[in-house]
Amino acid sequence: MIIAVDGPTASGKGTLARQLAAHFGLPVLDTGLLYRAVGYQTQLNHGDPDNAADALAACDFPDSLLDDPALRFESTGSLASRASVHPAVRAALFQRQVDFANQPGGAVLDGRDIGTVIAPHADAKLFVTASPEERARRRHAEMRARGVDISFDAVLADVHARDARDTGRADAPLMRASDAMLLDNTDMDRDAALAAALAFVEERRKARP
Ligand code: C5P
């Protein structure tokens, strides 16, 4: 069974993907981490993530980079968002994600274009979202808990900027697949969001031929 989990930044899709993977005993791939590695490697190369050739050159980042805590930084998310705009970068990362999705037994993948581009044949697709203000509030609380001194307004501005870039790009923009369940968790806690997602996936699983 393949489960595709897409959605904007700070929507809780990563947490939900990991919970679904644990529940169904499936491997999980956070595809954002691949784009983060490209963005970060571009910086390590002293390149410019807005430059397609620089970003493409960073696609052969070493696998060990995926364990670097710097990939989780907010600043790396912005580098990733800029590098991921280039079609050549998306093409370079394409097969790795497709192979992960199509492994025997299935998988859970979370990202922006899983249900639309990477695994359009997924058995269950979820589009996880929340209002920009709620996503910024969560991200701000999480950053403050880690000791990062940043204002709510700065976090909200970054959420808006990333949304605009991710939904506005020409190649594989962030959008809900027509057969994806819309899971708006603005007013839901994590347990309620997981329960709604599980009910949907179970229903799709039963409907499979
Ligand atoms: O999900 P995460 O915030 O880690 O992703 C970082 C950035 O990588 C996103 O803002 C998006 O621009 C890009 N991305 C993408 N396609 C994916 C996953 C992430 O373009 N499947």
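Taking the stated definitions as given, is T15 surrounded by fewer than 18 Cβ atoms within 10 Å (Cβ to Cβ) and assigned to a helix (DSSP H, G or I)?
yes
Which ones in the range 166-197 are farther than 20 Å from R138 by Cβ and surrounded by 15 or more Cβ atoms within 10 Å (Cβ to Cβ)?
Within the range 166-197, R169, A172, P173, M175, R176, A177, A180, M181 meet the criteria.
Where residues in the range 100-116 are in a helix (DSSP H, G or I) and closer than 16 Å to K13 by Cβ, which of them is nearest to the ligand (Cβ to nearest atom)?
Among those residues, the one meeting the criterion is I114.
Examine the range 157-176 for a residue that is more than 16 Å from the ligand (Cβ to nearest atom) and touching a Gly at 6+ places or on another chain (Cβ under 8 Å), and state whether such a residue exists.
The answer is no; no qualifying residue exists.
Looking at (1) within 14 Å of the ligand (Cβ to nearest atom); (2) crowded, with 20+ Cβ neighbours inside 10 Å; (3) farther than 22 Å from V85 by Cβ, which is the only condition E142 fails?
Failed condition: (2).
Being open to solvent by 60 Å² or more (accessible area, probe 1.4 Å) and in contact (Cβ under 8 Å) with a residue 60 or more places away in the chain is the filter here, so list the residues in the range 145-165 that pass it.
Scanning the range 145-165 gives a single hit, R165.
Looking only at the range 18-72, count how many residues are in a loop (DSSP other than H, G, I, E, B), touching a residue at least 24 places away in the same chain (Cβ under 8 Å) and more than 19 Å from D99 (Cβ to Cβ).
3
Consider only pairs whose beta carbons are under 7 Å apart and that are at least six residues apart or on different chains; among these, list those whose first residue lies in the range 73-86 and is over 14 Å from R112 (Cβ atoms) and whose second residue is at pLDDT below 95 and more than 8 Å from the ligand (Cβ to nearest atom).
E74/M143; E74/D158; S78/D158
So which residues in the range 78-95 are in a helix (DSSP H, G or I), open to solvent by less than 40 Å² (accessible area, probe 1.4 Å) and small (G, A, S), if there are any at all?
Listed by number, the residues that qualify are S78, A80, S81, A83.
The values are calculated or read from the model by the stated rules, or taken from the named source; none is laboratory data. Just so it is clear, the structure is predicted and the values come from calculations on it, not from any experiment. In this analysis, Cβ positions are derived from the backbone assuming ideal geometry, glycine residues included, and neighbour counts consider all displayed protein chains. Protein only, heavy atoms only, side chains kept; ligands, DNA and RNA dropped before computing areas. Shrake-Rupley method; radii C 1.70, N 1.55, O 1.52, S 1.80 Å.
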